[in-house]
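Chemist: Sharing a structure with you now.
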Amino acid sequence: HELNQPITALVSYLRACELLAPGDNERLRATLDKSVREAIRASDVLHRLRDFYQGSPPRGGPIRPSDLCRTVVAAFAERCRQAEAQLEFVDDPAAPMINADATQLEIVLHNLLANALEAVAGVRADQRRIVLTLAHDVEHLTITVEDSGAGVMPAMERVLFQPFVTDKVHGMGLGLAISQSLARAHGGDLVLQPGGQLGGARFVASLPLAPASR
């Protein structure tokens, strides 16, 4: 409630700004529209997390994995530009539709990409790479996020997904714990895997495919 109330007020103020904005300033109007959409998304994320931790199951619905990934990648485009980081999406056009909660999966991907963006900030600008890869086999859909950062310290690997465990100065240590819980609520998992091609961390979210999708 304490978070949702100011977000609701923010949406109202942004809507008012849209009405007050000059009609011929398309760039300003587009920026305000994007701001409204992000504020509404933040409110939806809060509602879904609240429902999840109150024991409600994920809200299932048909999702095209490629579209989900592209939406999240597009949301990070400006942040990557400002950070001088290259974000690449490797699609799997043959990936079947899945039945899942789109908002909860977006939370997982947002957390993974945000972590990757922080990780590559410590390397030279021309080496800042993040790759999101979509793939599937007979039973599972996998979404992998790799980065060219320093990787995860061995001492952190065992406790990485525990709540309030973080090596970030201003981190809360909840992002990975929440993301893994959301993946598992969908019957899948989120793990750290060795052997990343970029030299940094490699996180893999796996989701089961319904029998009809196999």
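The values are calculated or read from the model by the stated rules, or taken from the named source; none is laboratory data. Here the structure is a predicted model, which means the values were calculated and not measured. Backbone-built Cβ (ideal geometry, glycine too); neighbour counts: all protein chains shown. Quick note on the areas: whole protein, heavy atoms, side chains included, nothing else; ligands and nucleic acids left out. Shrake-Rupley method; radii C 1.70, N 1.55, O 1.52, S 1.80 Å.
Chemist: Given a cut-off of under 8 Å on Cα pairs at least six residues apart, what relative contact order in percent is computed for the stretch 66-186?
Modeler: 25
Chemist: Using Cα centres only, tell me the gap between the stretch 182-210 and the stretch 106-157 in whole Å.
Modeler: Using only Cα atoms to place each centre, the spacing works out to 10 Å.
Chemist: I'd like the carbon and sulfur percentage of the solvent accessible area for the chain, probe radius 1.4 Å, heavy atoms only, ligands and nucleic acids excluded.
Modeler: Here carbon and sulfur together make up 55 percent of the probe-accessible area.
Chemist: Let me ask something else about it. Taking the Cα centre of the stretch 70-214 as origin, sum charge times position over the Cβ atoms of Lys and Arg (+1) and Asp and Glu (-1), and report the length of that vector in debye to the nearest 20.
Modeler: Result for the stretch 70-214 is approximately 200 debye, rounded to the nearest 20.
Chemist: Tell me the per residue accessible area of the chain using a 1.4 Å probe; a whole number in Å² is fine.
Modeler: 57
Chemist: Give me the net charge of Pro194's neighbourhood, meaning all other residues with Cβ under 11 Å from the Cβ of Pro194; Lys, Arg count +1, Asp, Glu -1.
Modeler: Taking every other residue near Pro194 into account, the sum is 0.
Chemist: Can you give the accessible area of Glu139, probe radius 1.4 Å, in Å² rounded to 10?
Modeler: Accessible surface of Glu139 is approximately 90 Å².
Chemist: Show me the ranking of peptides 120-131, 22-33, 81-92 by mean Cβ neighbours inside 10 Å, starting with the highest.
Modeler: Per-residue Cβ counts within 10 Å, averaged per peptide and sorted highest first, yield 120-131, 81-92, 22-33.
Chemist: Relative to the longest principal axis of the C-alpha atoms of the chain, give the angle of the C-alpha long axis of helix 26-53, reported between 0 and 90° and rounded to the nearest 10°.
Modeler: Around 50 degrees separate the two axes.
Chemist: Does anyone have the angle between helix 102-120 and the longest principal axis of the chain? Alpha-carbon axes, 0 to 90°, nearest 10?
Modeler: For 102-120 against the chain, the angle is about 80 degrees.
Chemist: Can you give the helix-only mean residue ellipticity at 222 nm for the chain, where every DSSP H stretch with n ≥ 4 adds -39500 (n - 2.57) and the sum goes over all residues, rounded to the nearest 500 deg cm²/dmol?
Modeler: Theoretical 222 nm ellipticity from helices: -14500 deg cm²/dmol.
Chemist: Angle, helix 65-75 long axis vs. longest principal axis of the chain, Cα atoms, 0 to 90°, nearest 10?
Modeler: Rounded to the nearest ten degrees, it is 60.
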